Amino acid sequence: MQNLRRASQWLVFLVFVFLFLNTEYKDNDVLAYAVNIFLRLDPLVAGAAVLAGRAVITLVWPALVVVGLTLILGRFFCGWFCPLGSVLDFTSATVFRKLKRRTQVPESWRRAKYLLLAFLFASSLFTLQFVFLLDPISIIIRSFTAAVYPAMNYVINSTLGPLYATPVAPVTEPVYGFLQRHFLAFEQPHFRMAGLIGFIFFGILAAEYFQRRFWCRNLCPLGAMLGLLGRSGIVKRRVSEPDCISCGRCERDCRMGAVEKDFFTTGRADCIDCMDCRAVCPEDAISFTGGVAAKGAGLDLSRRGVLTSLAIGAAAVPLFGSEAYRKSADPSLIRPPGALAEDEFLARCTRCGECMRVCIANGLQPSLFEAGLPGLWSPVLAPRIGYCEYNCTLCGQVCPTGAIKRLPLEEKKKVKLGLAEVDRDHCLPWKGDSECIVCEEHCPTDKKAIRLRDETVVTMYGETRSFKRPYVDEGLCVGCGICETKCPLTDRSAIFVTSRGESRADAPMLM
Amino acid sequence: MLNRREFIRVAAVAGAGVVLNPGVPDGAWAAKPAPKGGPKVVMAKGGPVGRLTREAVDALGGMSAFVKKGETVIVKPNIGWDRRPEFAANTHPELVAEVVRMCLEAGAAKVKVFDRPCNDPRRCYTNSGIAPELEKIADKRLEVSYIDERRFRDVEIPGGVTIPRWSFYEDVLDADKFINLPIAKHHNAAVLTLGLKNVMGVIGKNRAVLHKKIHEYLPDLNRVVKSHLTIVDATRVLVANGPQGGSLADVKVLDTVVAGADVVSVDSVSCTLFGLGPADVRYVQLAQDAGLGVADLSRIDVKKISV
């Protein structure tokens with residue numbers, strides 16, 4: 001059974017990587033796989049989005065399957081399925097293989113995950129959603145998207161790439177070509193905050209130094225949720241009393257610290273059905289079966305702690321609600337096409353980074369503070385980095401909670417993300433410096449939103465010359481930002497998009 | 001050909017900077033006796049596109065007049081935009097495929113097809129129809145690839161007037177032959193984009209800055225990239241809102257290709273399809289001044305065929 005569990009972990013992780021690599025345009029406007037399935041299976045993501053978003057979200061129905069199975073099997077998800085859990089196990093089994101852990105992590109730290117869950121529950125109940133910070137599936141996909149995968153690309157591109165011009169090229173180029181076709185991104189991805197997001201991820205991995213599954217035991221709110229759900233599940237760890245010789249190996253080897261000192265009692269909310277104890281038991285005294293009698297430990301939770309967490313979660317809502325961003329939105333808060341109204345959007349968005357991963361021009365970036373602290377890492381279009389491809393609908397296809405609606409192409413083309421505006425003090429033809437037209441030629445709308453007018457200018461040298469100057473037709477502009485991306489000026493763009501006039505606004509075209 | 005009203009529209013969108021010039025009206029210069037020794041340009045009208053292309057090249061002596069056995073040939077269509085073929089933003093896929101086939105038949109050792117697009121390259125290659133059409137040609141000698149940023153090489157432009165150096169794609173610099181397959185269309189900076197302008201797809205760096213003085217820069221770029229054969233796709237053209245288009249209202253079906261060994265002559269003759277002449281499209285005239293070919297319509301030997 002232990003081998004079966006290992007096989008499951010490997011298989012699921014490989015599927016996870018496969019879907020991650022396929023969260024990319026593959027010569028087809030529609031993605032071939034449900035690449036967001038891991039998030040849609042996640043009951044914490046689903047619960048928070050439904051609770052905070054005050055909506056029935058049919059996309060997340062697979063989470064009910066996990067809830068159902070958890071009710072029967074307990075916290076199997078963490079031991080058999082969770083890709084982050086598998087990465088942690090792998091880290092312990094490789095990096096920390098020879099480590100003798102000396103530091104004792106206090107048992108009371110286990111409570112933290114319940115308190116975090118309570119906090120998330122209360123804030124979500126009052127429509128503010130912080131699940132993104134702590135949900136393991138969001139964490140792993142976001143970290144892979146914004147940090148791990150770009151870093152891997154960077155390493156390979158900067159090592160194999162330059163060898164192209166050297167005598168070893170006949171060996172390295174086929175390898176590089178193979179990697180480009182099957183593993184690397186089409187273009188090196190670049191994300192804001194890649195370093196920070198990456199270090200948080202590696203911090204979670206590094207915590208294996210203190211304890212196996214440190215994250216899962218102490219902090220993971222999804223683990224807490226599944227533990228609570230599966231505590232009284234049918235399939236339980238059972239120890240046959242006559243057979244047990246009290247060797248204590250099960251207690252010593254438990255990666256979750258779920259076996260009590262008497263070796264019979266199991267911390268049911270912590271046991272992840274990994275079945276290591278069953279494998280190490282010299283007397284085959286341990287089984288995982290259905291039935292009634294099995295010693296389960298109670299939850300070590302103080303009512304005061306839970307109430308405090310709930311209170312903090314509730315208090316977060318008015319605290320963040322009175323921040324200044326709520327009064328005056330940042331003009332660079334440009335959301336992906338099909339994004340819901342801002343409050344609803346943030347209530348549903350789990351910052352998983354799927355939309356950023358799939359964005360064909362690398363334009364969707366984790367927000368800094370454009371949407372306030374509660375909007376951290378939510379997707380914003382940063383047009384100087386990349387634009388929204390006019391004929392592309394991929395971000396709406398991957399959003400697991402419907403924060404970005406899945407729109408048919410013809411509808412998506414009508415969505416205004418904002419409006420472009422020419423910086424006339426900076427634009428070459430406006431300044432009377434030279435011709436340009438680059439923004440106009442890239443403008444993708446069927447009827448051009450950027451139009452040129454021939455105008456006579458007296459240059460700084462007193463010459464009278466004629467230049468084609470760009471104007472933006474605000475009725476036609478969709479705010480895709482390709483003009484801002486492609487503006488040839490090497491510093492800031494002379495044409496830029498703001499969220500003004502976005503379709504999500506109350507009266508878009510009156511502003 | 002466009003009628004007068006249409007070319008006025010072209011000229012109008014092209015801007016007041018363009019001197020309105022009907023060029024040499026269709027028929028008038030064609031009826032003149034062909035000047036001896038001038039560059040030969042074939043203007044073929046009809047269809048389907050593949051046959052039209054082949055007969056145009058045959059009229060120039062066939063592909064073997066341009067491509068010798070064992071040579072490496074670059075076939076450079078315009079794959080600049082995420083637009084389907086009918087929008088006239090990219091070279092017609094069947095034209096590209098036919099040229100590739102002819103190169104292979106002529107015994108080319110390698111035929112490479114690529115462009116440096118403005119939209120996402122994958123979307124452009126797919127939606128232009130060019131990559132799917134070329135996939136049908138099962139021949140190991142054909143290589144359809146995306147631009148590899150590592151392969152741009154900085155070179156000095158011999159005799160460069162406006163730019164002394166620029167970076168160019170290595171494959172083009174190293175190839176035996178360069179076959180230039182532009183689509184003829186309106187362009188707000190260049191008036192029209194034709195063969196000389198198509199070369200911008202094989203240069204590196206921030207090429208958008210070249211729009212500052214595009215007419216002056218283009219001849220210099222063409223000093224490095226010499227086209228051995230140019231076939232202008234005018235099967236359907238954009239008469240306004242080029243080079244990207246996006247509206248079928250801006251597309252005019254002309255069922256024409258213009259082919260020849262002298263890219264300047266081919267461009268010059270192609271201007272007439274829009275009711276313009278080389279004087280209206282300054283870079284064509286400047287290319288002649290730079291000694292890159294003949295723009296002067298009276299010195300070009302145009303052969304018209306219908307297919």
| For the protein assembly as shown, what proportion of DSSP beta bridges, expressed in % and rounded to the nearest 5, is antiparallel? | 65 percent
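How large is the Rg to Rh ratio of the protein assembly as shown when both quantities use alpha carbon positions and Rh follows Kirkwood?
Ratio value, two decimals: 1.08.
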| query | When ranked by the protection proxy of mean other Cβ atoms within 10 Å per residue, highest first, what sequence do the peptides A:416-425, A:20-29 form? | reply | A:416-425, A:20-29
| field | the range A:2-230: relative contact order in percent, alpha carbon pairs under 8 Å with at least 6 residues between | value | 30 percent
| said: Ignoring ligands, DNA and RNA, please state the percent of accessible area on the range A:384-511 from carbon and sulfur, probe 1.4 Å. | reply: 51 percent
| query | What list of ³J(HN,Hα) values in whole Hz, one per residue of the range A:363-379 in order, does the Karplus curve 6.51 cos²θ - 1.76 cosθ + 1.60 (θ = phi - 60°) give from phi, with Gly and Pro shown as x? | reply | x, 6, 10, x, 5, 8, 10, 4, 10, x, 4, x, x, 3, 6, 6, x
| request: Would you give the gap between the C-alpha center of the range A:159-195 and the C-alpha center of the range A:301-332, rounded to a whole Å? | output: 45 Å
| query | Considering every residue in B:232-244, what mean count of other chain Cβ atoms within 10 Å of its Cβ is obtained? | reply | 2
| task | Would you jot down the residues in the range A:464-498 that end up with at least 20 Å² less accessible area in the complete protein assembly than in the chain alone, with a 1.4 Å probe? | result | A:Lys468, A:Lys486, A:Pro488
| Probe 1.4 Å, protein heavy atoms only - accessible area per residue of chain A in square angstrom | 44 Å²
| said: Can you tell me the length gained on complete extension of the stretch A:Glu241 to A:Phe183, counting 0.36 nm per residue apart and subtracting the Cα distance? | reply: 15.7 nm
| said: Can you sort B:Thr272, A:Thr127 by solvent-accessible area, 1.4 Å probe, largest first? | reply: A:Thr127, B:Thr272
| field | chain B - accessible surface per residue (Å², probe 1.4 Å) | value | 35 Å²
| request: Round to the nearest 10 and report in Å² the accessible area of A:Trp61, as given by a 1.4 Å probe over the protein chains' heavy atoms. | output: 150 Å²
| query | Using Cα atoms only, what is the angle between the long axis of helix A:43-53 and the major principal axis of chain A, expressed in degrees (0 to 90) to the nearest 10? | reply | 50 degrees
| task | For B:Ile305, enumerate residues with amide H under 5 Å from its amide H, sequence gap 5+ or separate chain, H modeled in the peptide plane. | result | B:Met43, B:Ala44, B:Lys45
| Going from most exposed to least, what order do A:Asp42, A:Asp491 have by accessible area with a 1.4 Å probe? | A:Asp491, A:Asp42
| query | With +1 on each Lys and Arg Cβ and -1 on each Asp and Glu Cβ, how big is the dipole of the range A:372-511 about its Cα centre, in debye rounded to the nearest 20? | reply | 380 debye
| query | Ranked highest first by the average count of other Cβ atoms within 10 Å around their residues, in what order do B:70-78, B:92-100 fall? | reply | B:92-100, B:70-78
| Carbon plus sulfur fraction of accessible area for the range A:232-298, probe 1.4 Å, in percent | 50 percent
| request: Calculate I(q)/I(0) for the range A:2-230 by the Debye formula, one identical point scatterer on each C-alpha and no solvent, and give its log10 at q = 0.14 Å⁻¹ to two decimals. | output: -1.01
| Heavy-atom accessible area order for A:Arg348, A:Arg465, A:Arg213, A:Arg304, largest first, 1.4 Å probe | A:Arg304, A:Arg465, A:Arg348, A:Arg213
| Heavy atoms of B:Asp250 accessible to a 1.4 Å probe, total area in Å² rounded to 10 | 10 Å²
| remark: Per the 1/(1 + (r/R0)^6) rule, R0 = 22 Å and r from the Cβ atoms of A:Ser8 and A:Ile72, FRET efficiency to 0.05 is 0.85
| remark: Averaged over residues of A:309-317, the number of beta carbons from other chains lying within 10 Å of each residue's Cβ is 0
| request: Give the residue from A:Phe183, B:Leu292, A:Gly74 lying farthest towards the positive end of the charge dipole for the protein assembly as shown; charges sit on Cβ (+1 for Lys and Arg, -1 for Asp and Glu) and the dipole is referred to the Cα centre. | output: A:Gly74
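Under 12 Å from the Cβ of A:Ile139, count the other residues' Cβ atoms, weight Lys and Arg +1, Asp and Glu -1, and hand me the total.
Numbers: positive: A:Arg142, A:Arg351; negative: A:Asp42, A:Asp135.
Net local charge, A:Ile139 excluded: 0.
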| message | 7 Å from Cα along Cα→Cβ at both A:Ala311 and A:Ala34: what's the point-to-point distance in nm? | response | 4.3 nm
| message | Sort B:279-285, A:295-301 by packing, meaning the average of other beta carbons within 10 Å per residue, with the highest value first. | response | B:279-285, A:295-301
| query | So which lysines pass the test for A:Lys236, namely a Cα distance under 28 Å, with those fewer than 8 places away in the same chain ruled out? | reply | A:Lys113, A:Lys261, A:Lys295
| Which residues' amide hydrogens lie under 5 Å from the amide hydrogen of A:Ala339, considering only partners 5 or more residues apart or on another chain, with H built in the peptide plane? | A:Lys405
| query | Efficiency by 1/(1 + (r/R0)^6): what FRET value for A:Thr456 and A:Ser108, r their Cβ-Cβ distance, R0 = 56 Å, to the nearest 0.05? | reply | 0.10
| query | Averaged over A:433-443, how many beta carbons belonging to a partner chain fall within 10 Å of each residue's beta carbon? | reply | 6
| field | For chain A, calculated [θ]222 nm from helices alone, where every DSSP H run of n ≥ 4 adds -39500 (n - 2.57) | value | -11000 deg cm²/dmol
| note | If R0 = 60 Å, then A:Arg406 and A:Asp262, at their Cβ-Cβ distance, give a FRET efficiency to the nearest 0.05 of 0.70
| field | Chains B and A together, accessible area buried on both sides, 1.4 angstrom probe, square angstrom | value | 2900 Å²
| request: Over chain B, calculate the relative contact order: mean separation of alpha carbon pairs under 8 Å at least 6 apart, over the residue count, as a percent. | output: 28 percent
| message | Over chain A, what is the relative contact order in percent, taking alpha-carbon pairs closer than 8 angstrom and at least six residues apart? | response | 17 percent
| task | Let me know the whole percent of all Cα-Cα pairs from chain B that are separated by more than 26 Å. | result | 38 percent
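The values are calculated or read from the model by the stated rules, or taken from the named source; none is laboratory data. Just so we're clear, the structure is a prediction, and the values are computed from it rather than from any experiment. Using ideal geometry, Cβ is built from the backbone for each residue, glycine included, and neighbour counts are taken over all protein chains shown. Just so you know, the surface numbers come from the protein's heavy atoms only, side chains and all, with ligands and any DNA or RNA stripped out. Shrake-Rupley method; radii C 1.70, N 1.55, O 1.52, S 1.80 Å.
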